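The numbers here are math on the coordinates, done by the rules we state, and not lab data. These numbers come from a predicted model, not from an experiment. So basically every Cβ, Gly included, is an ideal-geometry build from the backbone, and we count neighbours across all protein chains shown.
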Amino acid sequence: MSLADDLYRETILDHYHHPRNSGTIEHPTVRTEGVNPLCGDEITLYMTVDNDAISDIKLDAHGCSINMASGSMMSEAVKGQSLEHAQEVVRTFKEMMLGPSPDVFLPEELEDLEALQGVRKYPVRIKCALLPWNTLLEAIEKARAGSKIP
Amino acid sequence: MLDVAKIRQDFPVLERRVNGKPLIYLDNAATSQKPACVIDSLASYYREYNANIHRGLHTLSEEATSAYEETREKVREFIGAAESRSIVFTRNTTEAINLIAYSWGRANILAGDEIVLSAMEHHSNLVPWQLLAAERDARLVYLELTADGQIDMELAARLISTKTKLVAVTMMSNVLGTVTPVSELARLAHNQGALILVDGAQGVPHMPTSVARMDCDFLVFSLHKMLGPTGVGVLWARPEILEAMPPFLSGGDMISSVWRDRVKFNELPWRFEAGTPNIADVIASSAAIDYLRTLGMENVRAHEIEMAKYALAGLQEIPGVTVYGPQDATARGAVISFNFSEVHPHDIGQILNDGGIAIRAGHHCCQPLMRDLKVAGTARASFYVYNTKEEVDAFLDALKEADKVMGHVACR
Ligand SMILES: Cc1ncc(COP(=O)(O)O)c(C=O)c1O
């Protein structure tokens, strides 16, 4: 298996060519932007929060395959989840990408994310994979702050 | 023409394999590889005559000083300058431009003045002027480009006016490859009483250069892009301009006498070289210049036109490839930026690297130009004296392979 095959797996290409939850939300609870100045990846994340849960999430992203696929998978993983659970998913994903070992236990609903494990071998690309997740963390914090201030 | 097979033997790094494949180095616009003579020169300075310069009376210091000053003389000849006292060594192009902006700029740019740049400047020849303009309430004026990436000279003739104090342009674009008509711009600038700065970071390594023929007032470039070591930049300015400029960095070496309360500055060029300079790398730069002179810059330019022609023709045959900049190889250098359908430059770069091919992907320190081109970034292949047509073929094949890996975005 070549290096590229390891990185560009079927699942990743599928999400890249058919990103899930792609687009915008007209009246979101929060909207956050993320950029990776090094390569020009850009993402705008829209999120509707009802009762501390992510009832809708949309991503307007322009980036490389890893960035796009990672965002697409993330949106599937957290849509419908409570903010707290979503934060836990982010933690799990970051552990998989940055922790000492890629062998992090992934619950069944997060299995797709395993396809991104190959990115660990490409340090410059880890940032591309993490951008949507860091943007989501910021959105969650914003949503929390917003919910306290009426 | 260059004997490329023979040249390749002089570059030890070209024996390297990357990911099991022979290295194909196409990132020369970022920095070039170094021939053995440059590497040996560095080692021999440290092994045989390492000493500080301009101060010791001992043999080692004398040898180091004379080797250091010999490079200055070689640089003078290489760029067709009249006097070596108007050649100042800096760390790189960026530092040379900052020196001009801080010293000449702060002494000469006033409120309402205009600094004219092209729309394809590297951040290094843009941000220092932006800061200066903001500080002085001066204005930046941009020379727009035509559809094929050349400076619109009719517009330039109108934009360069009596308000213009400085025209600062690249000699060759590090993105589009465009070769700038510097001497025409110099004429427009001088007619209005303005000065012209030429950013030679891409031009000097790849074309015959003469400050006299360009009729410029400042020329800056970096040795690391022309077979030399990192850490050496050159600032050339007309001696009378340099003579009138206040010092930039101050301290040791740039003085002739110091009292408790006052100082007399050193003569040119040392007035602008404060502190211990990058002695080893300046000395080894001599070897790089000798190497290029032996090849002949006319031959270097001819080889690169050949390479650009061949690569442009090959790229045009791949469906989905967009090449930026002039299509005519004689109007450009062998630095070729492109996009490949929807495949992100990052993905192209990564997949090519799997095949041992080094290209660059990103904004190339030209974000305003990227916005004008309406792209987030481009992939960029740039060639030099050791690159071959076989390497271009391998590069083109790898691009097609990249499309396959990405699920045939372009060649469906
Ligand atoms: C046109 C141009 N100007 C300036 C620079 C800056 O050169 P350096 O990084 O050596 O200061 C570069 C190099 O990237 C360049 O291509």
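Strictly over 29 Å apart at the Cα level, which of A:Lys121/A:Lys142; A:Lys79/B:Lys404; B:Lys34/B:Lys404; A:Lys94/B:Lys374; A:Lys127/B:Lys374; B:Lys74/B:Lys165 would you flag in this model? Beyond 29 Å between Cα atoms: A:Lys121/A:Lys142; A:Lys79/B:Lys404; B:Lys34/B:Lys404; A:Lys94/B:Lys374; B:Lys74/B:Lys165. If you take the charge dipole of the protein assembly as shown about its Cα centre, with +1 on Lys and Arg Cβ and -1 on Asp and Glu Cβ, which of B:Ala30, B:Ser183, B:Ala51 is farthest toward its positive end? Of the options given, the answer is B:Ala51. Within region B:23-85, the trypsin sites (Lys or Arg not before Pro) that combine a DSSP coil assignment with at most 12 other C-beta atoms in a 10 angstrom radius are B:Arg55.
Mind putting a number on the dipole of region B:39-293 about its Cα centre? Charges go on the C-beta only, +1 for Lys and Arg and -1 for Asp and Glu, and I need it in Debye to the nearest 20.
Magnitude of the dipole: close to 440 debye.
The distance from the alpha carbon centre of region B:175-228 to that of region B:319-345 is 23 Å, rounded to a whole number. Overall, region A:3-145 carries a charge dipole of about 460 debye about its Cα centre when +1 sits on the Cβ of Lys and Arg and -1 on the Cβ of Asp and Glu, all other atoms neutral. Seen against the Cα atoms of chain B and their longest principal axis, helix B:127-136 is set at about 50 degrees. Using Cβ point charges alone (K and R +1, D and E -1), the dipole size of the protein assembly as shown about the Cα centre works out to roughly 1240 debye.
Rounded to the nearest 10 degrees, the angle from helix B:59-78 to the longest Cα principal axis of chain B is 60 degrees.
Prolate is the label for the protein assembly as shown. Its Cα gyration tensor axes, ordered a ≥ b ≥ c, give a/c of at least 1.5 and a/b above b/c. Take every pair of alpha-carbon atoms less than 8 Å apart whose residues are at least six positions apart; their mean separation over the length of region A:3-145 yields a relative contact order of 28 percent. Going by alpha carbons, how many degrees (0 to 90, nearest 10) lie between the helix axis of B:389-405 and the longest principal axis of chain B? Roughly 60 degrees, rounded to the nearest 10. For chain B, the longest piece that avoids every one of the GluC sites (Glu not before Pro) found in DSSP loops with at most 16 other C-beta atoms within 10 Å covers B:145-266. Based on the convex hull around the alpha carbon atoms, chain A presents an average projected area of 8.9 nm². With the simple spin-label model, which puts each label point 7 Å out from Cα in the Cβ direction, the B:Val13 to B:Ala30 separation comes to 1.0 nm.
Shielding value for B:339-352 is 5, the average number of Cβ atoms from other chains within 10 Å of each residue's Cβ.
Between the C-alpha center of region B:32-93 and that of region B:101-130 there is a gap of 30 Å. Ranked by the mean number of other Cβ atoms within 10 Å of their residues, highest first, the peptides B:250-257, B:278-285, A:30-37 fall in the order B:278-285, A:30-37, B:250-257.
The mean number of partner chain beta-carbon atoms within 10 angstrom of a residue's beta-carbon across peptide A:59-65 is 4.
For the protein assembly as shown, what is the calculated [θ] at 222 nm in deg cm²/dmol (nearest 500), taking -39500 (n - 2.57) for each run of four or more DSSP H residues and dividing by its residue count? So the helix-based figure for the protein assembly as shown works out to -12500 deg cm²/dmol.
How high is the relative contact order of region B:351-402, in percent, with contacts defined as C-alpha pairs under 8 Å that are six or more residues apart?
Numbers: 33 pairs, mean separation 22.3, N = 52.
Relative contact order of region B:351-402: 43 percent.
Per q in 0.13, 0.21 1/Å, what log10 I(q)/I(0) does a Debye calculation on the alpha-carbon atoms of region B:68-135 return? Cα-only, vacuum Debye calculation for region B:68-135: -0.48, -0.94. Three principal axis extents of chain B based on alpha-carbon atoms, in descending order, are 75, 55, 34 Å.
From Cα pairs below 8 angstrom and at least 6 apart in sequence, can you work out the relative contact order of chain B, rounded to a whole percent?
Working: 820 pairs, mean separation 91.8, N = 412.
Result for chain B is 22 percent.
What is the calculated FRET efficiency for B:Ala51 to B:Glu144, with r their C-beta to C-beta distance and R₀ = 45 Å, to the nearest 0.05?
On the way: r = 51 Å, r/R0 = 1.14.
Taking R0 as 45 Å, the efficiency between B:Ala51 and B:Glu144 is 0.30.
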